[in-house]
Structures are given as structure tokens and as C-alpha cells.
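Asks: Sending over a structure as C-alpha cells; questions will come in a sec.
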Amino acid sequence: TKMKLPGQEEFDISSTCENVATGEPESGPGSGLSPDGPSDTDSRELGVPKDPVLFIQLNELMGWPQALEWRETGRWVLFEEKLEVGAGRWSAPHVPTLALPSLQKLRSLLAEGLVLLDCPARSLLELVEQVTRVELLSPELRGQLQALLLQRPQHLIWTTRTRPCCWSARPREASHDEEAPMKEQHQNPLRHKLPPGAEAAAVLAGELGSLTQPLGVFVRLQDPVVLGPLTEVPLPSRFFCLLLGPPTLGRGYHEMGRAVAVLLSDRQFQWSVRRASNLHDLLAALDAFLEEVTVLPPGRWDPTARIPPPKCLPSQHKRLASQLREFKGSSARRRAPAEDRHSHRPHPPSPELRRTGRLFGGFVQDVRRKASWYPSDFLDALHPQCFSAVLYIYLATVTNAITFGGLLGEATNGAQGVLESFLGTAVAGAAFCLMAGQPLTILSSTGPVLVFERLLFSFSRDYSLDYLPFRLWVGIWVAIFCLALVATEASVLVRYFTRFTEEGFCALISLIFIYDAVGKMLSLTRAYPIQRPGSPTYGCFCQFPDPQGNESQWTRTKPKDRDDILSVMRKMLSDFSSVLAILLGCGLDAFLGLATPKLMVPREFKPTLPGRGWLVSPFGANPWWLSVAAALPALLLSILIFMDQQITAVILNRAKYRLQKGAGFHLDLFCVAVLMLLTSALGLPWYVSATVISLAHMDSLRRESRACAPGEPPSFLGIREQRLTGLVVFILTGISIFLAPVLKFIPMPVLYGIFLYMGVAAISSIQFTKRVQLLLMPAKYQPDLLLLQHVPLNRIHLFTGIQLACLGLLWIIKSTPAAIIFPLMLLGLVGVRTAMEWVFSPQELLWLDELMPEKERNISEKGLEPEYSFSGSDSEDSELMYQPKSPEINISVN
């Protein structure tokens, strides 16, 4: 009978990462071994002292009865690694499994053996003398055992040599020099994967023929001490365990040694053992571990199979909470249950979304909050990763400016064009990055705003109105309305933008990106048709430079130098992957001499419309009353600007991104209003936050941990919050007007590919897309999502169907003359979501979406009612109750 160990269950990545990693916004950065890992974060939240990371090594006694020697056969940090002797390497990290008899025998051996807590030994020699003071050992046997324990074990360490280094056993007592760590220990690459302050635990197990009874010793050192070459990494050791006995059938002592190592690798058992005061506490910790193991029945699985590490480690919140009650005493026993009951309830609104009750109160608070971070907004950008982000977002911004500039030129019959798009993007974007509350936001022309521009121009043309002056007054009124929204703190209404609204809007924007990119590329097939082989028009030939073909030359380097070079190369490829793909596309186009359309950049700095200056006349040929009538379309555009700007701001400022400098909803809307006035006066396009490009910008600035244990993926630490990358991007966009000789070599298909990549990456990672896939998937092939465990499938399909209907209606309205009411339809998504509370129960909405603010207050005041409570079973993870509050748009560019 095998067991899966507590805290290491394997979860489906599509469900667990979605519902755990992002569903706990209060969790600190990182996971696993990083300084801010989940266990450590839970410990901080619960007030439990933080313990060092523990490296455990199993040394097994081999060679009986000829030549006895210690050999390292396993090691643990989070997961187990076994030594594959035949291959001379370590196995892939995997979740350890144990047999129940090994744990039962271990418990019996420890109960009858020697347990030393807070042992004062300061060296390996002193420790050996302490552990051999056992009554059952004769003086001769004690001396033999001391000599055996002082032998240097064999380790498998990859060093700068071409082969792994193995140390030979020398059966003599260690001198002071022999107890010092060896050179190979300091060169061990594993040392750099462990965080500062890590400690070690040595487990020695095996069979010794001279013993007549089993010998079990468990030692916790009072102060951690480096025990010479006992472990492969020169870390101070905190625990030492010795398990020896007469030869038996099977590998009983090996399995007991693995059991001790697995116990010590469990954070909760380790927490208890560090604070144990006697044997009873040690056995109680072992019994608590046994109560949480999961038994796998024999004959239903392959015991030799290795379970890979889970993609997302489950939270240890509940296990830590019980230890906290033990640690803090009776006062904690009264408080902890209440804290546990309320720990997963809807969280109160962030400070940025609380009303002050004063005119411009929220705006003033945003300015004060962001002013203290302003110097660091530039200093934090001094990192090579920011350079990669600049290149990537610059090309995406230039692509967007050219695409929407061309579309705007067609929609306005040349009243605005690519030059205005470049200039407006540079001026508005740079000003926003300098003044905004969330400078990671990228301003750009968007599809919904372009639709409104097209409708406004058509209205002006049909009624013989001067377009740019009419547009100026629309922009003035929009700025006035937006300033009124800032003054009245209307941005707090974004709390009503739930997942339902955000997913509908994000899916629409992503589809616009995909539709435009595919449409542009398909249009190239007519202007630049693909020639079949043998066509006399043009073609390309790929020839070998030599009749014998190609020859690859490889240079052999030292393993350590090669590993360092490959590590640097992998990091460079990761940071600059998108940029390198773009450069590769440009290089292939130039090398093959393909006839593809190239990037068209204006060569002269003057307005596209002949005869007009940079400042727009207030009236032109229009009557004076039109300046008042412009308030009506401006009202609709204000709704569109508010929805477009604030939905993007809500998504970017979600707690899952672990932003430290806070948001600025009111300040951002104020900046958009001022820029709306400026761009209208200059006849430039209107700009608002671009959802997909802004998310790509944030994802290109992701920070991840470097020190990772074997089997542990790099943990997400947050975003590099700064203003410089966006500012440089928009400055380069403005300079691009004068870089036509260089930019003219960039093929347009490469830029369309950026659009397509961002659109597909965005829409494919939204939870809405996963639920759409469930519509087309037979039940037996559906993944084991937590969502499916708590909501009936037909209810999920009904919710998804309503979202699909709303998305289809938005697309139809956007593409027809009725697009003038498009802003009202976006606002209508909130109304549809409110009406859905009559169709779906609160429990279903908790899983499918999230509750409205009023419902959250009711739950906070009254608690979860029994009919939709999630605490019915101890086996259920209550921390998985709430879904993340934003679409899972993760555009991987690193």
C-alpha cells in the first residue's frame, strides 16, 4: 500500500493554477522555496515564525560484509531525487511515495531509540560520540560504529571536470582538516539553488551485521553546524538521524531512511519537530502526518511510477492554522477559528475604490499616493529586462499606430492619417506615462473608438458639416464629462465590472485584433499573390553552398563553462524571444528577397489633410449651435471612454499581478480627459488604454525567482513597476517619423503577426474560452476542473451561452450602422450581469463569476448561508472557493 503525501497532491493545471494561484490575491509573491513562497506567506499571515528551508540527504550503508561505505542515494528539498546508479545521474524530481509499514516501523524504532533534542555538539566528532552512547552497544561495537560514522560518504556532484566527482570512503577517524568541507562541495551547482539561510538534515540508514538489535537515533542540534563532508552541500546541519540494524529481507532500512527524509521535507512536520520538547512531541508530529496521508490501494497503480511535481502547490493554510492554535495557546484557539472562517470571504474594496465624499477626493488621494513612488518609477527601470520590453512593445505600438492610422485615414477620407497616428501616439502616450497613476498602461487607438470616429465622420459628411471642428467640440464635451466623473469619484463603480463584463470586453478586443490581423494578411494574397513552383514571375531558390551539403562544426567546452553559457543564452532567448522572432522574420525576408509590403512611415512632418494647420479651428464652416449639439454624441463617447479605460485599468490592477505601488483610477481618467482635449485641438486620434498591448507590456516585465529547488518552477514575484519603458516606447514612436530609411525594411506581415499573436494569446487564456471548449467536448473528455465539481454542467453551458450571445450582439452592433449605441451596449453588460442573479444562485455565481458589491456585503455581514456554503467536507479545499476576479490573460513573452 502506497501513500501520496500531504501537501503534495497533483492538480490539473487548468483548474488549480486558475483557482489557487490567482484566486488568493492576498498571497505574497513567490512560491515554494523563494523567500516569499506560499508556505512562508501563509506563515506570515498566520503569525507563525518563518523556518529556514531544509535540504535533506539520505546516505545508505553499502558493501556488507566486505567493504563498508556510505553512499548518497537520495536527496530532498521539496521533492525527491533518487540516484540512478547505472546512469550516474540524479533522477527527475518527483512526488515521493512511501509504504505504510516503513512509517510504522520507523515510529516503533524512534519510540524505543535515542532522541536528543537541542544537542550541544559542535562538530561531527562530538555528534558521533553523542549518538553512540547507547546501552545496547558494547565498547568494541561502539568504537567500530564511531569509525564507520566518521567515514566520508560518496556523493555524486557535477563539477568542472568532464565526469561527476565521487569521493571514496576512507575508514579512519576524521581530523579537523578532514571535517572541513571539500572543494567539490562549494562547487556544487545545487548550492546556488537554495536560498540564503538554508539548513541541512542528514539521514544515515543501512544494515550492519555486527548489530543484533535495531538502532534508531534522532538528533536535533541546538545550533546548526556544518558537519564536514557528511552532506553534498556545505550547509549547517540542524537534524541528524541514524537507522541501523541486522541484515533483513528486503530494503527495510532504506525505506525507513526515505520515510525520515520525506517527513523532514514536509513543512508542517518540520515545523512541529523544530519546536518539539520531548519524544512525545516527536511521535505526535509523526501521528499528525499519518492522519493526513492519502492511501493508494495496491494493484491499482504501478509502484515504480514516479509522480511528477504538480504545476501549482496547494496552499498550506488549513494545516498552518491548526499549528498556529497550538503555537499561540488558548488565546489563539479563540481567535483562529473565526479568522479561518472569514479568511476566504470576499475582500473589501481597495483604498483606490473607496469614496471620500469630497469633490476630486479620490483624485487628490491618487496624486498623494503616487507622488511618493515617483523617483523609484525611474530607478526601478534600470534592468536589462526593461530593454527587451521596450523593443517588444515599441514594435507592437508602431504596428498599432500604422494599422489604425491607415484605417482612420480610410474612415475619415484623409482628414487624419498615419502621421497623426504616430504623433498622437507619441505625445499622448509619453504624457500619460509621466502623469498617470498606472504608467504600465499603454495608450493606443482601439477598435471601439475607431468605430465611433467612422460614425462621426459619416454623420458630418451626410449633413455637410466640417468634420474636424465638429470633432473638436465632441472632444471638449468628452473632456468635461470625464472631469465630472473624476470629481464625483465615479471610478468606484468599476467594482461592478465583474468577470462577466471583463471577459466580454476582453474577448471582443482580442477578436478585433485577430480579425484585423487575418484580414490584412488575406488582403496581401491579392496584392502580393503566392507564386507556385516554376512560375516565371518570381520565386526563391534554396541551394546548398556545396555539393556535399552543409556541415556543422561543434566546439566542446568544459561542462561548467558550457552550462554557464547555455544558462545565459537561455535567459537571453527568453527575454528577447519576441524581438528575435521579429528580427528573424525581417532577416528571412531580406535574405530571400521576397516581394512583401514594407512598413510605410511618413517622410514629411505635416498634416495629412492638405491646407490645414496643426490647430483645429473651433467652428470652421459649422453653425455656432453645433458646439452645444455636440454634447449628445460626446455623452455616448464618454461612456465608451469610461468603460474602455476603466475595464482595462481594473484588469491591470488585479491583485494577482502583485503590484506594490497601487492603482490610480481617478488620476488615470483625469489624464485621459486632458489628453482628449489636447488631441481634439490638434486634430489627432483619440487615445484610451489598450487592453491587449497593456497586458503584453506587463507580462514582458514579469519578475520571477531565480533560486528554485529541483522540481520547483520559478515563482512569480511581481511586475517591474516603472514609467521608463512606456516613456521610451512612445519617444521612439515619435522618433520613428524620422527613421523611415531604417523602418522601411520591416515587412508588414511580420507586424501583422504581432497583432495575431497577441490576440490569440489573449483570447486563448480567458476562462470564457475554456468554458466554450466545454460546449464542444464530450463529458468523458472534459478536464477535471474544480468548476465542474461544484456547478452542474448545464448551468455552466447556460452561463457561457449568455456570454456568447452578448459577445455576438456586441460584434454585430459594432459592424453595423447601429454602432452609435455601442457604448450603451457595453454598459448594458453590467445590467445583464445584474439580471443574471435572478437566474443563477449565489453559489453558482461564486464559481462562474463573482458577487456584486451588495451581495459581498451581505455575505460579510451574515456569513455564507448553508444552502451555498462550501465548508461541508473537510476534504474540500475551502481556499479554492473563490475564482480569480479577472480573466486569465497571460501573454507569455519571457
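Asks: Taking ASP462 as the residue in question, decide whether it is touching a residue at least 12 places away in the same chain (Cβ under 8 Å), of a type outside the set (Phe, Trp, Tyr) and farther than 27 Å from ALA805 by Cα.
Replies: no
Asks: When you check THR725 against the structure, is it closer than 28 Å to LEU419 by Cβ, modelled with pLDDT under 85 and buried (at least 20 other Cβ atoms within 10 Å of the Cβ), yes or no?
Replies: no
Asks: I'm trying to understand the selection: among the residues of region 465-479, which are assigned to a helix (DSSP H, G or I) and in contact (Cβ under 8 Å) with a residue 60 or more places away in the chain?
Replies: Matches in region 465-479: LEU468, PRO469, PHE470, ARG471, LEU472, TRP473, VAL474, GLY475, ILE476, TRP477, VAL478, ALA479.
Asks: Oh, and also: Residue check: is THR498 touching a residue at least 24 places away in the same chain (Cβ under 8 Å), hydroxyl-bearing (Ser, Thr, Tyr) and under 17 Å from THR648 (Cα atoms)?
Replies: Spelling it out, THR498 is indeed touching a residue at least 24 places away in the same chain (Cβ under 8 Å), hydroxyl-bearing (Ser, Thr, Tyr) and under 17 Å from THR648 (Cα atoms).
Asks: Find all pairs meeting these conditions: Cβ atoms under 9 angstrom apart; at least six residues apart or on different chains; first residue within region 201-221 and under 20 Å from GLY143 (Cα atoms); second residue aromatic (Phe, Trp, Tyr) and assigned to a loop (DSSP other than H, G, I, E, B).
Replies: Once the first residue is under 20 Å from GLY143 (Cα atoms) and sits in region 201-221, its partners that are aromatic (Phe, Trp, Tyr) and assigned to a loop (DSSP other than H, G, I, E, B) give GLY206/TRP64; GLU207/TRP64; LEU208/TRP64; GLY209/TRP64.
Asks: If you go through region 751-774, how many residues are under 18 Å from SER700 (Cβ atoms) and aliphatic (A, V, I, L, M)?
Replies: Number of matching residues: 7.
Here's the yes/no breakdown for (1) surrounded by 14 or more Cβ atoms within 10 Å (Cβ to Cβ); (2) among the aliphatic types (A, V, I, L, M); (3) out of contact with any Pro (no Cβ under 8 Å at 6 or more places or on another chain):
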{"residue": "SER237", "(1), (2), (3)": "yes, no, no"}
{"residue": "PRO247", "(1), (2), (3)": "no, no, yes"}
{"residue": "ARG267", "(1), (2), (3)": "yes, no, yes"}
{"residue": "ALA276", "(1), (2), (3)": "yes, yes, yes"}
{"residue": "ALA285", "(1), (2), (3)": "yes, yes, yes"}
{"residue": "VAL293", "(1), (2), (3)": "yes, yes, no"}
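Asks: A further question follows. Of LEU727, LEU717, LEU695, LEU677, which residue is over 21 Å from ALA426 (Cβ atoms) and assigned to a helix (DSSP H, G or I)?
Replies: Residue meeting the stated conditions: LEU695.
Asks: Applying the selection to region 772-783, what residues are within 19 Å of GLU844 (Cβ to Cβ) and either free of Cβ contacts under 8 Å to residues at least 24 places away in the same chain or exposed (fewer than 11 other Cβ atoms within 10 Å of the Cβ) (or both)?
Replies: ALA779, GLN782
Condition check ((1) under 38 Å from the mean Cα position of the chain (by Cα); (2) on the phi > 0 side of the Ramachandran plot; (3) of a type in the set (A, V, I, L, M); (4) at pLDDT below 85) across all residues:
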{"site": "PRO171", "(1), (2), (3), (4)": "no, no, no, yes"}
{"site": "ALA174", "(1), (2), (3), (4)": "no, no, yes, yes"}
{"site": "GLN187", "(1), (2), (3), (4)": "yes, no, no, yes"}
{"site": "PRO195", "(1), (2), (3), (4)": "yes, no, no, yes"}
{"site": "ALA201", "(1), (2), (3), (4)": "yes, no, yes, no"}
{"site": "PHE218", "(1), (2), (3), (4)": "no, no, no, no"}
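Asks: Those residues that are among the hydrophobic types (A, V, I, L, M, F, W, C) and without any contact (Cβ under 8 Å) to a residue 60 or more places away in the chain, I need them from region 232-248; list them, please.
Replies: Once the filter is applied, which keeps residues that are among the hydrophobic types (A, V, I, L, M, F, W, C) and without any contact (Cβ under 8 Å) to a residue 60 or more places away in the chain, region 232-248 yields only CYS241.
Asks: Just to be sure I understand, how many residues within region 234-272 are assigned to a loop (DSSP other than H, G, I, E, B), farther than 25 Å from LEU208 by Cα and in contact with a strand residue (DSSP E or B) (Cβ under 6 Å, 6 or more places away or on another chain)?
Replies: Number of matching residues: 2.
Asks: When residues of region 832-868 are filtered for being modelled with pLDDT of 85 or more, part of a helix (DSSP H, G or I) and over 32 Å from the mean Cα position of the chain (by Cα), how many remain?
Replies: 2
Asks: With respect to the numbered conditions (1) in a loop (DSSP other than H, G, I, E, B); (2) modelled with pLDDT under 75, which one is the sole condition not fulfilled by PRO783?
Replies: In the conditions (1) in a loop (DSSP other than H, G, I, E, B); (2) modelled with pLDDT under 75, PRO783 misses (2) alone.
Asks: Looking at VAL672 and the list (1) part of a loop (DSSP other than H, G, I, E, B); (2) surrounded by 24 or more Cβ atoms within 10 Å (Cβ to Cβ), which single condition is not satisfied?
Replies: Condition (1) is where VAL672 drops out.
Asks: Which numbered condition trips up LYS744, out of (1) modelled with pLDDT under 85; (2) touching a helix residue (DSSP H, G or I) at 6+ places or on another chain (Cβ under 8 Å)?
Replies: Failed condition: (2).
Asks: How do the pairs read when you match residues in region 254-269 that are in the same structural domain as LEU286 (by TED's automatic domain parsing) and over 19 Å from HIS280 (Cβ atoms) with residues anywhere that are of a type in the set (D, E, K, R) and part of a helix (DSSP H, G or I), using Cβ under 8 Å and keeping only pairs 6 or more apart or on different chains?
Replies: MET256/LYS105
Asks: Further, regarding this structure: Tell me, which helices (runs of 4 or more DSSP H) lie completely within region 280-373 with 2 or more residues that are of a type in the set (Ser, Thr, Tyr), at pLDDT below 70 and over 33 Å from the mean Cα position of the chain (by Cα)?
Replies: 330-342
Asks: In this structure, does LEU588 turn out to be without any contact (Cβ under 8 Å) to a residue 60 or more places away in the chain, in a helix (DSSP H, G or I), among the aliphatic types (A, V, I, L, M) and over 22 Å from MET825 (Cα atoms)?
Replies: In short, yes.
Asks: If you don't mind, there's one more thing I want to ask. Output yes when any residue across region 450-466 is among the hydrophobic types (A, V, I, L, M, F, W, C) and under 30 Å from PHE745 (Cα atoms), and no when none is.
Replies: yes
Asks: Sort through SER680, SER694, SER700 and tell me the only one that's surrounded by 24 or more Cβ atoms within 10 Å (Cβ to Cβ) and either among the hydroxyl-bearing types (Ser, Thr, Tyr) or within 20 Å of the chain's Cα centre (by Cα) (or both).
Replies: SER700
Asks: Which of (1) touching an Asp or Glu at 6+ places or on another chain (Cβ under 9 Å); (2) over 28 Å from THR441 (Cα atoms); (3) loosely packed, with under 15 Cβ neighbours inside 10 Å is the odd one out, the single condition GLY620 does not satisfy?
Replies: (3)
Asks: Read through the list (1) under 26 Å from PHE619 (Cβ atoms); (2) within 31 Å of the chain's Cα centre (by Cα); (3) not in a helix (DSSP H, G or I), then give the number of the only condition that GLN416 fails.
Replies: (2)
Asks: Another one. Kindly establish whether ALA389 is buried (at least 19 other Cβ atoms within 10 Å of the Cβ), part of a loop (DSSP other than H, G, I, E, B) and of a type in the set (A, V, I, L, M).
Replies: no
The values are calculated or read from the model by the stated rules, or taken from the named source; none is laboratory data. Please read these numbers as outputs of a predicted model, since none were measured by experiment. Glycine also receives a Cβ, built like all others from the backbone with ideal geometry; neighbour counts cover every protein chain displayed.
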